[in-house]
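Worksheet: one structure, shown below.
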Amino acid sequence: MLQDLRYRLRAMFRHEAVEEELDEEIRFHFDREVEKYMRTGMTEEEAKRRARLVFGGHEQVKEDCRGARGTQFIDLTLDDIRYALRQLWINRTFALVMIATLALSIGANSAIFSVVDGVLLKRLPYPEPERLARIFLSSADYPKFPLNPFDFLDFRARNHSFESIAAFTRGDVQLSGSGEPIRLNGFGITSGYFRVLGIKPHLGREFDFKAEIPGNGLQVILSDRVWRTQFNADPNVIGRKITLNMQPFTVIGVMPAGTEHPGNDYHAVAYGESVDVWWPFSFAGNSNQRGSHFIEGIGRLRPGVAVDQARAEMNAIMSQLGREHPDGDAGWSVLVIPLYSEVVGASRRMLLVLLGAVGMVLLIACANTANLLLARASARQREMAVRLAMGAPRLRVVRQLLTESLITSLAGGALGLLLAFVGVRVLVALLPADFPRAQDIHVSGPVLAFTLLISVLTGILFGLAPALQASHTDPKQGLQQSGRTTTASRHQNRLRSALVISEVSLACVLLVGAGLMLRTFLNLVHLDSGFREDHLLTASLSLPHQRYKTGEQTARFYQDLVRSLSALPGVQSAGAGSDLPWTGYDENAGGFTIEGKKPAPHQDFHARYHMATPGYFSAMGIPLLEGRFFTEADRKDVPQVLIVNRAMAERYWPHEDVIGKRISFEDTPKKDSDWMTIVGVVGDVKDQPNSTGAEPAFWWSEFQVSESDMSIAIRTQSDPREVADGLRDAVHRLDPELAVADVKLMNQVVDASLSTPRFTFALVGLFAGLAILLAGIGTYGVIAYTVAQRSQEFGLRVALGAQRRDLLQMVFAQCARLAVPGTLLGLALALSLGRVVQTLLYGVSATDPLILAGVALLVLTAALLASYAPARRASLADPMRTLREE
């Protein structure tokens, strides 16, 4: 019969009679199709309508084969689209399942790509941002450290690589004089700071070099937000006097909306529109003293100058300064880092991991959809056989089926885009508070193009294999058989099995990633923080130097405040410290001399330095290990004392009694008053929860070495929020012009420090859950389809005496042939990708055997559960029905 059909196809171009014979054969198969539909309960008219939908397109096949009309490509494409839409409408449930699966995966990809586009791909909001670079110092002890002010002046005067450079440092200010005082995020900046960024004030001007001279610094530039909220967008604000830190500052400029802070390290303020005011930094002090480092540099490279060239020149200058000032500048080198890398560097790997994870979900969805199409191909075997028998080229069949796939994927992409709009809002709400460029994340033109691209690629990816399989249908077997296993169906089974194995392997990778992120998050949650965050209220204060000019005045204020707070009802203990744990106060380091010890060559003794009042350690819940805490007796007029942490004690006095040891901050201490005595050792508190360990640290008594900017800690017996008003009242009784800022629970501080690992785990876990669900559905589909194909075989086996459990074992064995290779392949792939996520982990290895074993067990269990229903169906095969059919 096949040779006869081929003969008639070859003759079709020469003899019209052959066309009539083909018409008769089509009518024959059309009538058989009508009879098949009528047997399902349809009326004759409905059965004919359904059959016409199947065979109506074959008239066009004859036209294509004949080639007589010379139909244009666009006409054929429109015909393909119309026919594809009819097919999808007939199989609405099938189409909706595919569209929903694709919409979820495409929507998730578009949402994550929106974050990647806003953070990594979008240019920074400055003119020629690729020419901007941050400038730091580096040494063996301090890999990345701020600049010394006088080193900066030398850099600015001597370099030729930068068109202009500037420096800045954080210094919050208090706005008072009208209503409740408020604290503003402030930065001291050198002349030319905004010129470096390429931004001009909206009103007024920026600081000139005269403002850097000590005594000329009572000027201020306002942000657009402060100008509008605090000064009602007054166009005549330039020249106006405002009270900052209880001093009259003159407003000389207002920056435009969208002026974004380039980020800073010490007491960091998040990148973006996070700065309220800028005041001029002045260079006071002895220019030969180069030991203090607290300003951060930024520069704009000259056109054509590369970062490496600038780095080389700056290091040459640093070498000169080391020879000129050996006590302060020797041993330092200069880091020149592109601003883009500094802004997004910490989040880059996490976002790429998330993009890779959601890409795997898309691949799993494609494999699942391809499996659905392969299953449907068996139901369309007769249709494909007739079309091929009538002379349709295989490429024409492939194109028709790809058109159906593309329409499905584009519909899924359109729905996925709607989901992406919602998903982006959810993602932005869940992002960590300090996440860079969060305000730039939205569904934009590049995201729309990305969605269209992945929709088209997805349609081709999941539609190509089923289309090629269908195009190789044997016309003779397709016309003579109905659903029995054929050579083509075996090929389909192998392809479907391969797709399921790939789904399982990708799901394994995501599950391993989710397991690692979960272990990381749990390790951080359950680590010994070194302090107690429960029942703890925190706040921050900044005492203006204009009113609190001496250390005694500052110490007296905090002494009176702590006494007042300790007397509040429900307060167990209260204190003040220069910082709170896990808030970014981790870039300071003080060098010192240890009595009776010498540092190794080219090294020095150093540790983090802090200030604290009596009661601070008790309020924070930091334990005392040896000695005592500070008391009110540790005043300015008595010998100075220190408290050190365990890390400092073990590094510099291993296996020694630390209490009574002395250190000095003089290079060559000559008298007893130059020394400070250690009176206590407290437990370690790491800079951040994911730090590898605690850095050596010491505390001065606030009553002996005073600090104006302090954090308040109040431990209560009940809800600490109940004492917030009491805190404000206590401060205002002492000084009504002081602003109490950052009032929050310590639980909130801890929660914010864990937001990044929690966010990463939540997304990877979500993708992993979706992946294992899709993989389970794919496994179920293949097993169910195979059971349906072998239903007669199972019936015969039962008739011949096979036990039900034998049939269950057969089906479960087939499931194992899919799940086990997929699991092994997935674990191998996860191991190879382990180094990509290693930097995101804490307290767990990327090759953790417990997680790998747990994932393997979970995947195999999920596969067996997915195959249970088909296995049970196989075990219930009816032997009598099988014998009757035979």
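The values are calculated or read from the model by the stated rules, or taken from the named source; none is laboratory data. Since the structure is predicted, the reported quantities are computational estimates derived from the model, not experimental observations. Quick reminder, even Gly has a Cβ in these numbers, built from the backbone with ideal geometry, and neighbours come from all protein chains shown. All accessible areas refer to the heavy atoms of the entire protein, side chains included, with ligands and DNA or RNA removed. Shrake-Rupley method; radii C 1.70, N 1.55, O 1.52, S 1.80 Å.
Quick one: count up the residues across segment 134-172 that are open to solvent by 20 Å² or more (accessible area, probe 1.4 Å) and in a helix (DSSP H, G or I). Selection size over segment 134-172: 6. Reported count of residues in segment 631-664, each being open to solvent by less than 70 Å² (accessible area, probe 1.4 Å), within 29 Å of residue 573 (Cα to Cα) and in a helix (DSSP H, G or I), is 3. Looking for something at pLDDT 70 or above, among the polar types (S, T, N, Q), within 30 Å of residue 421 (Cβ to Cβ) and surrounded by fewer than 14 Cβ atoms within 10 Å (Cβ to Cβ) - is there at least one such residue anywhere in segment 106-128? No. Please indicate, with yes or no, whether at least one residue in segment 610-621 is more than 26 Å from residue 751 (Cα to Cα), of a type in the set (A, V, I, L, M, F, W, C) and crowded, with 19+ Cβ neighbours inside 10 Å. The answer is no, given that none of the residues of segment 610-621 is more than 26 Å from residue 751 (Cα to Cα), of a type in the set (A, V, I, L, M, F, W, C) and crowded, with 19+ Cβ neighbours inside 10 Å.
How many residues does segment 265-293 hold that are within 24 Å of residue 222 (Cβ to Cβ), in a loop (DSSP other than H, G, I, E, B), touching a helix residue (DSSP H, G or I) at 6+ places or on another chain (Cβ under 9 Å) and open to solvent by less than 60 Å² (accessible area, probe 1.4 Å)? Break it down into steps so the answer makes sense when it comes.
Quick first cut of segment 265-293, residues within 24 Å of residue 222 (Cβ to Cβ) only: 266-283.
Filter once more, keeping what is in a loop (DSSP other than H, G, I, E, B): 266-271, 273-276, 281-283.
Cutting the leftovers down to touching a helix residue (DSSP H, G or I) at 6+ places or on another chain (Cβ under 9 Å) gives us 270-271, 273, 276, 281-283.
Those still in the list that are open to solvent by less than 60 Å² (accessible area, probe 1.4 Å) too: 270-271, 276, 281-283.
The number of residues fulfilling the criteria is 6.
Filtering segment 207-264 to residues that are of a type in the set (D, E, K, R) and either more than 16 Å from residue 191 (Cα to Cα) or in a strand (DSSP E or B) (or both) leaves 224, 225, 228, 234, 240, 241, 260. Are any residues in segment 440-464 part of a helix (DSSP H, G or I) and surrounded by fewer than 17 Cβ atoms within 10 Å (Cβ to Cβ), and if so, which ones? Across segment 440-464, the qualifying residues are 445, 446, 448, 449, 452, 453, 456, 457, 460, 464.
Results for (1) assigned by TED's automatic domain parsing to the domain that holds residue 731; (2) buried (at least 17 other Cβ atoms within 10 Å of the Cβ); (3) at pLDDT 90 or above; (4) not polar (S, T, N, Q), shown as yes or no for each residue.
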residue	(1), (2), (3), (4)
174	no, yes, yes, no
186	no, yes, yes, yes
197	no, yes, yes, yes
200	no, no, yes, yes
210	no, no, yes, yes
233	no, no, yes, yes
236	no, no, yes, no
255	no, yes, yes, yes
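Looking only at segment 212-231, residues that are among the β-branched types (Val, Ile, Thr), open to solvent by 10 Å² or more (accessible area, probe 1.4 Å) and touching a residue at least 12 places away in the same chain (Cβ under 8 Å) come to 1 in all.
This table checks each residue for (1) within 21 Å of residue 503 (Cα to Cα); (2) assigned by TED's automatic domain parsing to the domain that holds residue 352; (3) without any contact (Cβ under 8 Å) to a residue 40 or more places away in the chain.
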| position | (1), (2), (3) |
| --- | --- |
| 802 | no, yes, yes |
| 809 | no, yes, yes |
| 814 | yes, yes, no |
| 828 | yes, yes, yes |
| 835 | no, yes, yes |
| 840 | no, yes, no |
| 845 | no, yes, yes |
| 849 | no, yes, yes |
| 859 | yes, yes, no |
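Among residues of segment 596-609 that are over 15 Å from residue 291 (Cβ atoms), those with a beta-carbon under 8 Å from a residue that is at pLDDT below 85 and open to solvent by 60 Å² or more (accessible area, probe 1.4 Å) at least six positions away or on a different chain give the pairs 602/140; 603/140. Only one of the numbered conditions (1) in contact with a strand residue (DSSP E or B) (Cβ under 7 Å, 6 or more places away or on another chain); (2) closer than 30 Å to residue 730 by Cβ is not met by residue 595, and that is (2). Give 801, 795 a once-over and let me know the one that is outside any helix (DSSP H, G or I), out of contact with any strand residue (DSSP E or B) (no Cβ under 9 Å at 6 or more places or on another chain), more than 25 Å from residue 507 (Cβ to Cβ) and not hydrophobic (A, V, I, L, M, F, W, C). Unique residue meeting the criteria: 801.
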